[in-house]
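Trainee: Dropping a structure here in C-alpha cells format, bear with me for questions.
What follows is calculated from the coordinates using simple rules that are stated; it is not laboratory data. Here the structure is a predicted model, which is why all the values come from computation and not from measurement. Using ideal geometry, Cβ is built from the backbone for each residue, glycine included, and neighbour counts are taken over all protein chains shown.
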Amino acid sequence: MMPVSADALKCARHRSSAENGRTTSYIIALNAFVPILPQLQSEYLGTFTRSLDIQTLDGTLLTSIDFVRSMKSLTQKATQRLSFTASALLMPSTLSSPAPPVSHTRTTTTMSSQQHKIAILDDYAGIAESYFSHLSSQLEIQSFPDTLNTRIPSEHQALIERLTPFTMISTMRERTILPASVLSALPNLKLLLTTGMKNASIDTATLKSKNVMYLGTGPKPNAVKGYDATNEMTWSLILGLSKTLVEGDTSIRQGGWQPGLALPLAGRTLGLLGLGKLGTQAAVTGILGFGMKVLAWSSSLTQEKADEAAKARGLPAGSFKVASSKHELFSQADVLSVHYVLSDRSRGIVGAEELEAMKSSAILVNTSRGPLIDEASLVDALEHNKIRAAGLDVYDTEPLPKDSPWRRDGYWGVKGRSKVLVSPHMGYVEEETMHSWYEQQAESVRGWLAGEEVKKVIS
C-alpha cells in the first residue's frame, strides 16, 4: 500500500456503482476534515483498503480504498475525533462546487474490515482456520477443503461462483488453478495469498491488471541447507518399491510371509532426468546413502555443469555422469527418477518411446510434476509389465478423479501387471512447513488489514 498525502488528495474523484447499474461520480472533500486533524497536513493519510478507485485531479490513480484504512502516526484521541461515515464525505461530482461541511456526530470504524471475507482453499489437513481465527472480528473466514478443477467447465463456473463474494483468497501451492478466466471474474478480490514465492497455477498478469495484491511466504523454519522434503519422498518411493514394503505389510496382515524378492540398490545405476537442486540431492543420496552410480540427462546439461554440481556437494568431479542422450539415460537406469521443470516444451517428455527403452527390471519414480509423463503411455507400460514398478507422488489431475487408474484397488502388481506405489502429492507436505505457511499468511492478512507495510510481495 502506498502512503497518500493530504495535499495530494485535497480533492479526489471516486467512482461507485449507483442503483440500476448506473455510475455516479463523487468527490471526497478532504478539505472538509483536514482542519479537524492538522497532523494530516504534515504527515499523511495512512493507507487505504481496496474497494474504491480514487483518481486525483492530476490524474494519478490510487487504489485500495474501503475508506480510511489506518491513520498511522496519529494518537488514539485524534483517531477517535476522526469519527465519521464515508457517506458524509461524498457529494455529487462537480469540481466547481465547494465541499460540504462534515458532520462529526456520526460514528463508524475507520476501516471496513468487517466487510472482508477470506476463502481458504484446499486445506486438506484442516489446520488453516486456527491461524486466522484471531482475525474473526475483522473478517469472515470460510474454508473449502474440496478442490474444484478449472479444466472441467462445470467446476470452472462453480469456482467463480464460490469465490465471487470474497475479498481475500488463501491458496495452498498449486492445488487450485486460478487462470485469467477465473480471476478476471472476481469483482471483490483485493488480496491473494499463496505459499512460497511463486505459483505456476496463478495468472499473475491478471492480478496486476486488477491491482490485486499478491503475497507469498518464506521458507520453512529450521530448514537445513541442501536437504529437501521432496528428496525424502523420492527415496521413500524408491525404497518402498525396491524393498517390497507394501507387499510385505499386506502379506503379514493377511497371514502370509515374504511375498517377493527385494531389489538391491548398491552398485546399480540411478538415472536422473534433470540435475537441478532436487536432482542433485537425489544424486548425493544415491551415492553416499546407497552406493549407487549416477547417470543424468537434461536438454542443457553438460559434464562441466554436472562436475560443478558434484563439487558443490563435496563430491569429486565425475561423480555425476552425463548421458549422451535421453535414450541412453532410460536404457541404462535401474532406477529412473524425474526431476524436470514442467513447461509446454517438457510436457510429456517421458512417453512411450522412453518407457520402451527402459529395462524390464527398472523402477520409475516421479515426484516432480505429473504431466511430465504421458499418463496413457505409462498405464499401458505398467499393464503390460514392461518395467518392474512405478512410484508416483504427482499426477495429471489433482486430487485424482474417482475413476483414475491409480485408484484401482487390488489391480496393480497382480496378473502380470507391474507394481505401483502411489502417494497423494505429499512431497512437500511437512508438519512444520504447513503450519509455518499458514502462520505467515495470517500475519500478512493482519498487517494488510492494519495498513502496515506487508512483506513477501510477489506483485
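Trainee: Quick one: which residues, 5+ away or cross-chain, put their amide H under 5 Å from the amide H of Val420? H built at 1.01 Å from N.
Mentor: Hits under the 5 Å cutoff: Ala390, Gly413.
Trainee: Tell me which lysines have Cα within less than 26 Å of Lys386's Cα, excluding those fewer than 8 residues away on the same chain?
Mentor: Result set, ordered by chain and number: Lys243, Lys293, Lys321, Lys326, Lys359, Lys402, Lys415, Lys419.
Trainee: Tell me which chymotrypsin sites (Phe, Trp or Tyr not before Pro) from the range 385-422 have a DSSP coil assignment and no more than 16 other beta carbons within 10 Å of their own.
Mentor: Here the sparse-neighbourhood loop sites are Tyr411.
Trainee: Which of the pairs Lys220/Lys311; Lys225/Lys277; Lys277/Lys456 have their Cα atoms more than 20 Å apart in this structure?
Mentor: Result: Lys220/Lys311; Lys277/Lys456 exceed 20 Å.
Trainee: Then there is this: Among the lysines, which fall within straight-line cross-link reach of Lys117, defined as a Cα-Cα distance under 20 Å, with same-chain neighbours fewer than 8 residues apart omitted?
Mentor: Cross-link targets: Lys190, Lys210.
Trainee: For Ile363, Ile458, which order do you get if you count the other beta carbons within 10 Å of each Cβ and list the fewest first?
Mentor: With the fewest neighbours first, Ile363, Ile458 line up as Ile458, Ile363.
Trainee: Then there is this: Could you tell me the convex hull volume per residue, in Å³, taken over the Cα atoms of the range 414-459?
Mentor: So the per-residue hull volume is 116 Å³.
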